[in-house]
Amino acid sequence: MMSRVSESAMGASKLLIRVAEAGERQAIAEVLDSCGLPTDITGEPSSFFHVALVSEHVVGCACAEQYGEIIVVRSVGVLQEFREHDITTKLIGSILMRARAQGCRKAVLISAGRFGLSGHHGLPLVEAMPEALSLSDTLLRRFRR
């Protein structure tokens, strides 16, 4: 069972966004489960996770799969008590910057629910597979905070 870190720890601890390590698979699965998302964490060579940590505890995660020049961002989840801190935006931004550095030119976000992004960044709620968006400087700036 993952030990919980309280939201009050956000003030005392710095948020860290980074590529997930192999030993964090269980914590990632627990975050996804708490968000009602599938917990099937695959070891596909084209997929990778980024995690958000507070006080060394995983409080959020996002998965991406690379298909040539397109990155598909899916399975983005943040623990309920940390959802008011733009963690989702930072996770997606981190993945998009990595994808662009690896040669991706387009991105797709698959959403199973509302992230609070539509109001903040002009992104529509995704109901079906969306059109791939160009990974332009303008798009990436939307995820920098």
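Looking only at the range 109-127, which residues are aliphatic (A, V, I, L, M) and modelled with pLDDT under 55?
L117, L123, L125, V126
Looking at (1) under 24 Å from D137 (Cβ atoms); (2) surrounded by fewer than 21 Cβ atoms within 10 Å (Cβ to Cβ), find the lone condition where S55 falls short.
Going through (1) under 24 Å from D137 (Cβ atoms); (2) surrounded by fewer than 21 Cβ atoms within 10 Å (Cβ to Cβ) one by one, S55 breaks only (1).
Just name the residue that is modelled with the lowest pLDDT out of those in the range 96-108 that are surrounded by fewer than 20 Cβ atoms within 10 Å (Cβ to Cβ) and under 14 Å from the mean Cα position of the chain (by Cα).
V108
The values are calculated or read from the model by the stated rules, or taken from the named source; none is laboratory data. No experiment lies behind these values; they were computed from the predicted model shown. Cβ sites come from the backbone with ideal geometry, for glycine too, and all protein chains shown count toward neighbours.
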